[in-house]
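The values are calculated or read from the model by the stated rules, or taken from the named source; none is laboratory data. The shown structure was predicted, so the numbers you read here are calculated from the model rather than taken from an experiment. Note: ideal-geometry Cβ built from the backbone for every residue, glycine included; neighbour counts use all protein chains shown. Only protein heavy atoms, including side chains, enter the accessible area calculation; ligands, DNA and RNA are left aside. Shrake-Rupley method; radii C 1.70, N 1.55, O 1.52, S 1.80 Å.
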Amino acid sequence: LLGQRVRELLHTRTADTTTAAPNAETLAALLHMSSRTLHRQLLEEGVSLQALKDEVRQAQAMDQLRRSSRPIKQIALAVGFRNEKSFSRAFRGWTGQSPGAFRRAQQLGT
């Protein structure tokens, strides 16, 4: 499925925290299609590019919060947010808790 291929590309392209997540045009070029075709085919699969990007960002953020003691601000920048406040808001929407609370809960093993 195209959604899975896009998810994998997003994951591999953003695993290096020095590069931002690729945009629709870049992903479409990597998949040898137009960005319009990319969006249309994802829609046919019932998923959006933004949802896939958010899924990858969430997984990377949670992994970094679990595995590192990096400041939350650095993690926010590494997963593609412009600032800690927008990252915290998105993270709370994904998990129901702040990044700091998530990290503490992981450290306590809950």
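The alpha carbon gyration tensor of the stretch 1-88 gives principal lengths a ≥ b ≥ c with a/c of 1.5 or higher and a/b greater than b/c, which makes the shape prolate. Calculated mean residue ellipticity at 222 nm for the chain: -22000 deg cm²/dmol, from DSSP H runs with n ≥ 4 weighted as -39500 (n - 2.57), summed, divided by the residue count and rounded to 500. The stretch between Trp94 and Leu43 holds 16.2 nm of extra length on full extension. This uses 0.36 nm per residue minus the Cα-Cα distance.
Only the Cβ atoms of Lys and Arg (+1) and of Asp and Glu (-1) were treated as charged; on that basis the dipole of the chain about its Cα centre amounts to roughly 480 debye.
Here the chain exposes an accessible surface that is 51 percent carbon and sulfur, computed with a 1.4 Å probe and the other protein chains kept in place.
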